[in-house]
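Here's the structure, in structure tokens; my notes come after.
The values are calculated or read from the model by the stated rules, or taken from the named source; none is laboratory data. Not measured: the values here are computed from a predicted model. Here Cβ is always computed from backbone atoms with ideal geometry, including for glycine, and neighbour counts include all displayed protein chains. With ligands, DNA and RNA removed, areas are computed over all heavy atoms of the protein, side chains included. Shrake-Rupley method; radii C 1.70, N 1.55, O 1.52, S 1.80 Å.
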Amino acid sequence: VCKLDGVCERETPNIKQSLIASYSTLLAPKVRDACTEITAVTERDSHLIGSHSCQQHTSSCSVDLSTWFYQFRILLQRGLKERKHESFNTLRVFQVITASILAGLMWWHSDYRDIQDRLGLLFFISIFWGVLPSFNAVFAFPQERSIFMKERASGMYTLSSYFMARIIGDLPMELILPTVFLIVTYWMAGLKPDLVAFLLTLVVLLGYVLVSQGFGLALGAVIMDAKQASTIVTVTMLAFVLTGGYYVHKVPACMAWIKYVSTTYYSYKLFVNVQYSQGNKISSLLGCSHHGSNRVSCKFIDQDIAGQISPKLSVGILLLMFVGYRLLAYLALRRIKG
């Protein structure tokens, strides 16, 4: 036992207990008063902010409109800063540019009468821009789950402001690369040389990308496991591709229902409609109104062009999917507790 100033260590007061006693006597009242004052100011400010939208006799609103837009703006800015490097990283840009150039070279200035080749290109576009956005989007919510739960538990923002910031922030990120892809591929492949046709194809493609992205977001939010969600989206997109209307026309009755929930099926039909409409012009060029020598092309006209569903119906179903998938993702996120 060491002695300090002639006093045994056991006889000196406990330093920890001395500090606790000093804090309780000197600092604790001041800290308590400061916290009480801050709480009172916060409650008064919150009441003043919420008084514009909430009546005094009702219970105070959890978050008013101005606060919601403030949260939305902050989350949107954070999301754009975080994901701009992810969406436009070198590998992804290289992937899209390379695919567009390869497709343009493979279908270089294809002839309008080469129906089989052109339908193959249109279906390739449907496959590429159905799989890529959905596969990228499926990781969005599972990767942010821990930070999302932590911030939601602390009451930093509402779920609606977070979700809308995520959805709107993804729009410029997801639509630029498909536009570049189509500009390169469309004119290299020599598709219908008409500005209106190109713009309609671009609108269909961008809408299809957003629907595919919503499908990935919904699966990711429901499953909330990156590996499981990626496996499910791969299998599902494979089923969509197989029943998309290009590989098989006579789909078995037990599998026919899949094509009616397939995003690829409706987008492919819209692409074909923009290029060939109802097939009257190409039928006249190939002489398919009577028995001719080129029966293979005429068969493609009957099965892939003339027999397609109404474009208005396809657009309506894609719009329904666009809203429905995002609504499903929002409802799935609501069940997650911080």
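Counting residues that are of a type in the set (Lys, Arg), which helices (runs of 4 or more DSSP H) fully inside region 71-188 reach at least 1?
Details: elements: 90-106, 115-137, 140-143, 145-153.
Per the criteria, 90-106, 115-137, 145-153.
Go through the residues of region 191-210 one by one and say whether even a single one is touching a Leu at 6+ places or on another chain (Cβ under 9 Å) and more than 26 Å from Leu105 (Cα to Cα).
Looking through region 191-210, at least one residue is touching a Leu at 6+ places or on another chain (Cβ under 9 Å) and more than 26 Å from Leu105 (Cα to Cα).
May I ask you to list pairs of residues, at least six apart or on different chains, whose Cβ atoms are under 6 Å apart, with the first in region 309-338 being outside any helix (DSSP H, G or I) and the second being open to solvent by 80 Å² or more (accessible area, probe 1.4 Å)?
So the pair list comes out as Gly338/Arg152.
Filter region 260-284 down to the residues that are open to solvent by 40 Å² or more (accessible area, probe 1.4 Å) and either touching a Pro at 6+ places or on another chain (Cβ under 6 Å) or closer than 19 Å to Val315 by Cα (or both) and list them by number.
Hits for region 260-284 are Tyr260, Val261, Ser277, Gln278.
Name the single residue, out of those in region 106-123 being touching a Ser or Thr at 6+ places or on another chain (Cβ under 9 Å) and surrounded by fewer than 19 Cβ atoms within 10 Å (Cβ to Cβ), that is modelled with the lowest pLDDT.
Arg113
Does any residue in region 209-222 that is more than 13 Å from Met173 (Cβ to Cβ) come within less than 7 Å, Cβ to Cβ, of a residue that is not in a helix (DSSP H, G or I) six or more places away or on a different chain, and which pairs are these?
Final answer for the pair search is Gly216/Val138; Leu219/Val138; Gly220/Val138; Gly220/Phe139.
For Val241, indicate whether it is in a helix (DSSP H, G or I), under 22 Å from the mean Cα position of the chain (by Cα) and under 16 Å from Phe124 (Cβ atoms).
Taking the combined requirement at face value, the residue satisfies it.
Would you pick out the residues in region 142-165 that are in contact with a Gly (Cβ under 9 Å, 6 or more places away or on another chain) and either more than 20 Å from Ile74 (Cα to Cα) or modelled with pLDDT under 90 (or both)?
Pro142, Gln143, Phe148, Met149, Lys150, Glu151, Arg152, Ala153, Ser154, Gly155
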